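Read the structure below first, then the notes.
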Amino acid sequence: MLLYTPKNDGYESLADRLQRDPLRKTNVYVNLTNQCTCSCIFCLRNTKEMLESNSLWLKREPSAQEVIAEFAKYDINHFNEIVFCGFGEPTMRLDALLEIAAYLKQRNENIPLRINTNGLCELQAGKKIAPLFQGLIDTVSISLNASNAAEYLRLTRNQFGIRSFDAMLTFAVSCKKYVPHVVLTVVDCIGEAEITACQALADKLGLTLRVRPFE
Ligand code: SF4
């Protein structure tokens, strides 16, 4: 499923949603990849049942042109926000993401575009990525997960080791120069003390913290 929308606690394809409820505006999520540099202990992708039955699991990654062809079927002015999210980490398909974003902004420069990311793309690419978002991406939402490097690594089990936490924060701060809205997120089940520590960290960095419900 390349384009999908939220539905109750789950999701449905954009085509199904528009057929069922064509008049109400919706967010649209773009699913570009299953790949991720993390293996979070809470990630749904880790359960075998999920992989076998989940329609978000891509058998083949779509090209940018395939996603653009999907969007071409719709009036994008009917969407509240378009979010690069997916089953994996969207920046693993950075070139496709940027090409699709440019196409969407060309159709409507005011359409809000967001990336939901683990924030490790600069570590993965070995170069600055944040400047590429200028003029294309309106919001970067980064999973902070934890208030310190050891807990972050324990939760995300990412490929890069203990340096990943600082690299993720550096990327977040760097995004502020190029993207209007930069948000750190944590889930509400990490405990009050940890949420307070994450808020203090976000305040120190001049970033917004959003506490979201654990799904
Ligand atoms: S960063 Fe997201 S997609 Fe990647 S393993 Fe963690 S929860 Fe799953």
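The values are calculated or read from the model by the stated rules, or taken from the named source; none is laboratory data. Note that the structure is a prediction, hence the values are computed from the model and not measured. Note that we place each Cβ from the backbone using ideal geometry, even for glycine, and neighbour counts take in every protein chain shown.
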| query | Condition test on Phe42, is it within 16 Å of the ligand (Cβ to nearest atom), crowded, with 17+ Cβ neighbours inside 10 Å, under 17 Å from the mean Cα position of the chain (by Cα) and part of a loop (DSSP other than H, G, I, E, B)? | reply | no
| said: Name the residue that is farthest from the ligand (Cβ to nearest atom), counting only residues in the range 93-103 that are surrounded by fewer than 22 Cβ atoms within 10 Å (Cβ to Cβ) and not hydroxyl-bearing (Ser, Thr, Tyr). | reply: Ala102
| query | Tally time: how many residues in the range 112-124 are within 16 Å of the ligand (Cβ to nearest atom) and within 14 Å of Ala96 (Cβ to Cβ)? | reply | 2
| note | Considering the range 188-203, residues that are closer than 20 Å to Phe42 by Cα and surrounded by 16 or more Cβ atoms within 10 Å (Cβ to Cβ), and then whichever is modelled with the lowest pLDDT, we arrive at Ile190
| task | Could you tell me which of the residues Val67, Val140 is buried (at least 21 other Cβ atoms within 10 Å of the Cβ) and more than 16 Å from the ligand (Cβ to nearest atom)? | result | Val67
